[in-house]
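K.L.:
The structure is given below, and queries will be raised subsequently.
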Amino acid sequence: MSAAVKEVKKVTTNTLQKMKASGDKIAMITAYDYSFAAIFDAAGIDIILVGDSASNVMAGHSTTLPITLDQMIYHAQSVVRARERSLIVCDIPFGYYQSNSDIALASAIRIMKESGANTVKLEGGEEVLDSVKKIVSAGIPVMGHLGLTPQSINKFGTYVVRATEEQEANKLRKDAQLLQEAGCFAIVLEKIPAALAKEVTDSLHIPTIGIGAGSHCDGQVLVMHDMLGINTEFKPRFLRQYLNMNEQVTNAVQHYIKDVKSRDFPNEGEQY
Ligand code: KIV
């Protein structure tokens, strides 16, 4: 008699395609380590993004630019070890795909081979099309990212809402079509008007995942530190904070300090 095997239906890029077709919304969250990824996976999240926002929330940099490919692979390896069901997407960081498509492919291959992530994500439209095509033709699924693209913060100069002017909105419409034609399986739409996100979502057969792009996207993504209230200074209008972890952790640690100083911890039952 064979041993019982726990059957877990893993989320794949095909699952996401079917979810779009049936109107089931896709829930995505960032994670950068094993422990949180395990909680999110067990909670039933569809996609875990190992975002280059790790540069901000894990390493304390003011932008996503400094994080390296080796560091992203380290974070992705930790997240992948926790994966039972969710799809793992790993950002290709700044500087590892912009110069040419051979470098982009080499970076994507390193992520897939060394971390075990299921897919990669990169930012931009027409400018990165050759790279998207090359990575997809090597059998690696690619998620696009349009609108506010944090790796280009030095070009934009600010994190305000993008594509409010017709010229930029038209470029975004065109880029979304080009990314779909190049083989992207989904596109993140960051901080753009809800009406534009709806139009783009309706025009594509691949899913859109919004962050600050309104309710009509096929899915939503939030950075875990923002939605759990670890990082309480970042309060954009689009953010819904589900927990005040900063306050709860502060209270717990202050309680612990008090117990140590007052000799309350450890007590008789907490020693050998
Ligand atoms: O790096 C990241 O966390 C992201 C999300 C904001 C989509 O790209």
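K.L.:
Heavy atoms only, probe 1.4 Å: what % of the accessible area of the chain goes to carbon and sulfur, would you let me know?
P.N.:
That share works out to 54 percent.
K.L.:
What does the charge count around PHE185 come to, taking other residues whose C-beta lies under 11 Å from its C-beta (Lys +1, Arg +1, Asp -1, Glu -1)?
P.N.:
So the surrounding residues net to +2.
K.L.:
Counting heavy atoms of the protein chains only and a 1.4 Å probe, report the per residue accessible area for segment 13-241 as a whole number of Å².
P.N.:
Roughly 43 Å² per residue, with all protein chains present.
K.L.:
Additional query: Considering only DSSP states other than H, G, I, E and B, which trypsin sites (Lys or Arg not before Pro) in segment 213-260 qualify as loop sites with at most 13 other Cβ atoms within 10 Å?
P.N.:
ARG237, ARG240
K.L.:
Follow-up. Normalised by the number of residues in segment 51-140, what is the relative contact order in percent for Cα pairs under 8 Å and 6+ residues apart?
P.N.:
27
K.L.:
Which one of VAL160, VAL57, ILE111 has its Cα pushed farthest toward the positive end of the charge dipole of the chain, where Lys and Arg give +1 and Asp and Glu give -1 at the Cβ?
P.N.:
ILE111
K.L.:
Provide the descending list of Cα extents for segment 215-272 along its principal axes, expressed in whole angstroms.
P.N.:
Result for segment 215-272: principal-axis Cα extents of 57, 23, 11 Å.
K.L.:
Something else: Size of the dipole of segment 99-217 about the Cα centre, Lys and Arg at +1 and Asp and Glu at -1 on the beta carbon, nothing else charged, in debye to 20?
P.N.:
Here segment 99-217 has a charge dipole of around 260 debye.
K.L.:
Still on this model: Can you give the Rg to Rh ratio for the chain, taking only C-alpha atoms and Rh from Kirkwood?
P.N.:
Computed over Cα atoms, the ratio is 1.03.
K.L.:
Right, here's the next one. Based solely on its DSSP helices, what 222 nm [θ] is calculated for the chain when runs of n ≥ 4 H residues each add -39,500 (n - 2.57) and the sum is averaged over all residues, nearest 500 deg cm²/dmol?
P.N.:
The helix-only estimate for the chain comes to -12000 deg cm²/dmol at 222 nm.
K.L.:
What pairs from LYS10/LYS121; LYS155/LYS198; LYS133/LYS171; LYS113/LYS174 go past 23 Å between their alpha carbons?
P.N.:
LYS155/LYS198; LYS113/LYS174
K.L.:
With every protein chain left in place, what is the accessible area of HIS216 in Å² (1.4 Å probe, nearest 10)?
P.N.:
90
K.L.:
Name the residue, out of ALA186, ALA108, ALA163, whose mean-square fluctuation peaks in a Gaussian network model built on the chain with Cα pairs under 10 Å.
P.N.:
Top of the fluctuation ranking is ALA163.
K.L.:
Of the chain, which part is the longest with no GluC sites (Glu not before Pro) in a loop (DSSP not H, G, I, E, B) and with at most 12 other C-beta atoms within 10 angstrom?
P.N.:
Answer - 85-164.
K.L.:
Which whole-number percent gives the relative contact order of segment 162-233, counting Cα pairs below 8 Å spaced six or more residues apart?
P.N.:
25
K.L.:
Based on the alpha carbons, how large is the Rg to Rh ratio for segment 1-142 when Rh follows Kirkwood?
P.N.:
Result: Rg/Rh = 1.00.
K.L.:
A further question on this structure: Starting from the Cα of LYS261, draw a straight line to each of the lysines and keep only those under 29 Å, dropping any in the same chain fewer than 8 residues away.
P.N.:
Within reach: none.
The values are calculated or read from the model by the stated rules, or taken from the named source; none is laboratory data. None of the values given here were measured: they were computed from a predicted structure. Don't worry about glycine lacking a Cβ; one is built from the backbone with ideal geometry, like all the others, and counts go over all protein chains shown. Heavy atoms of the whole protein, side chains included, go into the accessibility calculation; ligands, DNA and RNA do not. Shrake-Rupley method; radii C 1.70, N 1.55, O 1.52, S 1.80 Å.
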